[in-house]
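Undergrad: Here's a structure for you.
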Amino acid sequence: DDNNDNNNADNQCSAATALQEWLQQLPSGDSGLGEWKTMNYGKRQVCMFGMNDDNDDDGDGDDDDDVKAIKTLPEPLQEIADQLVTQGIFPSSLPPNHVLLNKYRPGQGILHHTDGPLYQSRTATISLASPVLLEFTKRLSTNEIGSTTSTTTSTSNGSSNCNSRQSPSSLSPLQVLLEPNSIVVFQDDAYLDYCHGIQPVWQEVTTDQCLNALPGRHIVRGEVRYSLTFRHKKKNNSNGSNH
């Protein structure tokens, strides 16, 4: 049994190393579609694959080869998407068809946000190379605001940034420790009713609100961290674009 566990761990590390090498080979560019784009805020890099078939950028119904390549998940990502269905994380009727890649350097984070209504309310994120604390904060309804000031702004991809100043008595954010080579899945209420984000810091400490680690654990971020977020993007039934 110990030998099997060791073999499984070795296979997992080999697969993670190969995936990380593939991510490093992606080109840089300004579109973020099949290439790493540096964001203006936070300076993290993002890359997207897997647009819906009904998204025809120029409206002529005939996509060029580059656009078709972006709509189709590359083999390393498709293999993971297939496994997510095989393992029952996504139903076969709504398989992952969109992947958002993020590349973080130490001190880089992402604003608390929701992924928005363009996707089914389920997401699976794989972490590579470095640990991080993912935070969840409850979205406030209108009648819950009271003395708390909260604003929600929409972004171009349909997600919502949740910028809030909570009262001193409010609860600290929930934390989930994302170790290298781990996967976190959240859906339904966690997807719809909570904002999630990452603090722009070099190191952080778990609190008593951490769901999978004891409080007081120091988390030091490595040189780089990759995240791969798999979602099912809804079909666009209108004439407008999803992005």
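Undergrad: Using a simple spin-label model with points 7 Å from Cα along the Cα→Cβ vector, what separation in nm is obtained for residue 21 and residue 92?
TA: The answer from the label model is 3.4 nm.
Undergrad: A further question follows. Restricting to Cα pairs below 8 Å that are 6+ residues apart, what does the relative contact order work out to for region 174-224? Please round to a whole percent.
TA: Working: 44 pairs, mean separation 20.1, N = 51.
RCO, region 174-224: 39 percent.
The numbers here are math on the coordinates, done by the rules we state, and not lab data. On a predicted model such as this, the values are computed, not experimentally measured, just so you know. All Cβ positions, even for glycine, are placed from backbone atoms using ideal geometry, and neighbour counts span all protein chains on display.
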